[in-house]
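Here the structure is laid out as structure tokens; the discussion comes afterwards.
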Amino acid sequence: MQLSMNWLADFTDVSDINIKDYCDRMTMTGSKVETYEVLAEDITGVVVGKILSVVPHSNSDHLVICQVEIGAAEPVQIVTGASNVFAGAVVPVATDGSNLPGGIKIKKGKLRGEVSCGMLCSIGELGLTTHDMPGAIEDGILILNDVGLADAPVGEDIRKVLMLADTAVEFEITSNRPDCLSVIGLARETAVSFGKELRIPEAPVPAVRGDGETIDKYLSVDIANTELCTRYSARVVKNVKIAPSPLWLRMRLRASGVRPINNIVDITNYVMLEYGQPMHAFDYKCLDGSHIIVRNAAEGETFVSLDDQEHTLDAASLVIADEKKAVALAGVMGGLNSEITDDTVTVVFESAMFHPGNVRVTAKKQGMRTESSARFEKGLDCENTMPALNRACELVALLNAGEVVDGTIDVYPAKKVPFTMELDCDKINTFLGVNLTREYMADVFRSLDFVVSEDLSTLTVPTYRDDVRCMNDLAEEVLRIYGYNMIESTLSAAATPTVGARTERQSFDMHLRDMLCGMGLDEIETFSFISPSYYQKIRLADNDVRRKSVVISNPLGEDTSVMRTTMLPSMLKVLSDNVAVKNKDVQLFEMGKVYLPTAEGELPEEPGRLSIGFVSEADKTGSGFYRMKGYLEAILYIAGITDADFVSCDNEPTFHPGRCAKLLKGDTELALFGEVHPEVAENYNFVTPVYVCELALDKLFDVRRLMMDYKPLPKYPALERDFSFVCDEATEAGTIAKEIKACGGKVVESVELFDIYRGAQIGEGKKSVSYAVMLRADDHTMTDEEADATVTKILDKLAAAHGITLRK
């Protein structure tokens, strides 16, 4: 909303307020100012002059020499090439040292040997157009005689004569305050913000009467859809004289960012800006049957708008129609078939109220966002249609633009009832942390046009303030006028203030994230919405429980139609995208959530997950499995878990059989990891092995060790024994290590696998696994005999339980 300060002065006195102070205060009271512009600030030294004589230039066939009176002691000589100057013409004169828009500075000089003490100005040189100055020409000097200003005082500042001097303030009005999309609305806010008197008469527009004819002779109105059109008011003006608007009206429109057109159209725009009520004017002769019907469009009905664009409407769109055709798209734009033209003699003024949601949807469908639709879609006041309509008719009489026919058509099926609410001052004070009196609050609300009961206990909200409906809204009104800066800083009123800190889970996740980043992995974030086809790409069976997903009721598309139950497809997709752009060594992780459906009507479970994935051109030996295992062992270290087991798994469809394992803590499955199945790799266009992992963060957090046990450095030396065992190919290395620890008891300090060998010497279906076993006693130096006894016990147990022997 662009506000003319000259226009604002009609309703409240702002002459003693600095423009910067005005903008700051209005912003602080809720009407945010984006910027302001002092209009015509770049025009200085330009005055009204009168041409006394015009003679040809002796050294030029197209220049003339003018003697111009500018109010100084002596006339000045100005050389010009304009062909429309004549003796007696009143013109704008840029004197020596003057400035014009665009940074142009005028200096005294010579043209073809003749002194020129300034310049005669065209409308373009003053930053104007023919819309601003009808009657002027674009390629000649602005002759003030032609625009009704022949009596302009010679020597007067041209900005004053052309009413250019003004300040335009641009407001960013929030969608809950459509009442402020008007000069009157902002005048009301200005008066309250600065404690000024608001000059809006109770009856804003005096009755305007015609010559005795009534509107019933001209027009009838019916509303077929009262839900989408809650009020429709109309008046008729006959004997219309289409002409340019007077200068004062054109300049106010120009300062508000609206282009003047003609008196009738300008009146509707002027009233829209002043009252915030969009209006429309129809050419009466174009209304077939002299009957206006507010109805829904027929499916596929065509409509040509004022901008000469054809639109195809649907049945949800609301139109203003006569008995044969649509003549306007309700709340958006009028039709070309009923526009005001130079031969219009009778006009119907419309002032109506349309459903904001319908106007917005219609305007968006047709790609027609207009000043009218921008206001209607925010929700206007039904009670404003008649004051705006009468103001338009008053302007018609003031401009002598026609004769207003007696009577008004006002179809108002359900009158709007003002909203009444309790004024609970104690609750407002508690809510705001202030101590304001009931009388002060009552004064604030009276200044905002609320009706306060005699006992100051209830308020009646103005009909144009649909944004005030609860105590919080009342508190906001009080505070913005009282001043946000007036609230004193206080300590928290909580009984036991707490120091802000991360929760244990947040700290755990942060340490985990830092560790993974420190190991060279990059963190990613992917959408929780995925396509159902993702489950097919990772080879989940049709009856797999992980296919049962939460379905989005209004998805953006098929690719984001369900909530993920596993993070693996998202990780594989990102890895695939990186490989596609030749990122050959990628290692990624993501910490997020999956969404597991529960009982119908209940929210899904949202357990936390950690996914890890990497692909490397250099990894062609299968070592990636152990690399992933190493990442998980580091995660176990962070969680303080030392007794977890890695167990092979060959029934997971996403993973390569024999290259997949689970991480278990007792009976709790913490993670699933391994090399992806060749078919899955093909689905994602991988040509090298890809390894992924999905870890249950919530479960890991639950089984973490809360207290770390620390042991003193050992006092006694250790003995190390290396073993190379021959076992079946199916025997897991982890099972052997676990058995060694169980048999050796406390003296087995550590068991580390350092080699796996397969070859003809070992035999088919067999493998050799080598371990380094560290033996140590806590209370004495272990002897070779004690170590040998422990080793014998271990070997006997392995042979008896698993058929494992020492390699020879």
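The values are calculated or read from the model by the stated rules, or taken from the named source; none is laboratory data. Everything quoted here is computed from the prediction, not taken from an experiment. Cβ: placed from backbone, ideal geometry, glycine included. Neighbour counts: every protein chain shown. Ligands, DNA and RNA are excluded from the accessible area calculation, which covers all protein heavy atoms including side chains. Shrake-Rupley method; radii C 1.70, N 1.55, O 1.52, S 1.80 Å.
Tabulated data
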read-out	value
Share of carbon and sulfur in the accessible heavy-atom surface of the range 47-90 [1.4 Å probe, %]	53
The range 639-783, dipole about Cα centre (Lys/Arg Cβ +1, Asp/Glu Cβ -1), debye to the nearest 20	560
Candidate lysines for bridging to Lys427, where Cα separation is under 24 Å - those fewer than 8 sequence places away on the same chain excluded	none
Under-5 Å amide H pairs with Ile143, H placed in peptide plane, nonlocal only	Ile137
Estimated vicinal HN-Hα couplings, Hz - the range 521-536 in sequence order (Karplus 6.51, -1.76, 1.60; Gly, Pro = x)	8, 9, 7, 10, 9, 10, 5, 6, 8, 9, 8, x, 5, 4, 5, 5
Share of carbon and sulfur in the accessible heavy-atom surface of the range 459-586 [1.4 Å probe, %]	53
Angle in degrees between helix 356-366 and the longest Cα principal axis of the chain, rounded to the nearest 10	80
Karplus 3J(HN,Hα) series, Hz, for the range 224-237 with 6.51 cos²θ - 1.76 cosθ + 1.60 (x for Gly, Pro)	7, 10, 6, 6, 8, 10, 8, 7, 9, 10, 8, 9, 10, 10
Nonlocal Lys pairs with alpha-carbon distance under 30 Å, the range 1-129 (8 or more apart, or different chains)	6
Angle between the chain longest axis and helix 263-275 axis [Cα atoms, degrees, rounded to 10]	50
Residue-normalised accessible area of the range 32-97, expressed per residue, 1.4 Å probe, Å²	47
Amide H within-cut-off set for Lys766, under 5 Å, with H built and near neighbours excluded	Glu729
Surface per residue (accessible, 1.4 Å probe) for the range 416-514, Å²	62
Most positive-pole-ward Cα, Leu719, Gly45, Pro418, against dipole of the chain from beta carbon charges	Leu719
Anchor Lys416: lysines whose Cα lies under 24 Å away (excluding residues fewer than 8 positions away in-chain)	Lys378
Per residue value of the accessible surface for the range 260-311 (all protein chains in place, 1.4 Å probe), Å²	34
Between helix 568-580 and the chain: long-axis angle, C-alpha atoms, 0 to 90°, nearest 10	80
Rounded to whole Hz, the Karplus (6.51, -1.76, 1.60) HN-Hα couplings of the range 26-39, x for glycine and proline	5, 5, 5, 9, x, 9, 5, 9, 7, 6, 9, 9, 7, 6
Cα gyration tensor shape for the chain, rounded if a/c is under 1.5, else prolate or oblate	prolate
Dipole of the chain, positive direction: furthest Cα of Phe11, Val183, Tyr36, with charges on the beta-carbon	Tyr36
Apportionment of accessible area to carbon and sulfur, the range 209-315, percent (1.4 Å)	46
Straight-distance crosslink candidates among lysines, where the alpha carbon sits under 16 Å from Lys715 and sequence neighbours closer than 8 are dropped	Lys746
Peptides 625-634, 90-99 ordered by average Cβ neighbours within 10 Å, highest first	90-99, 625-634
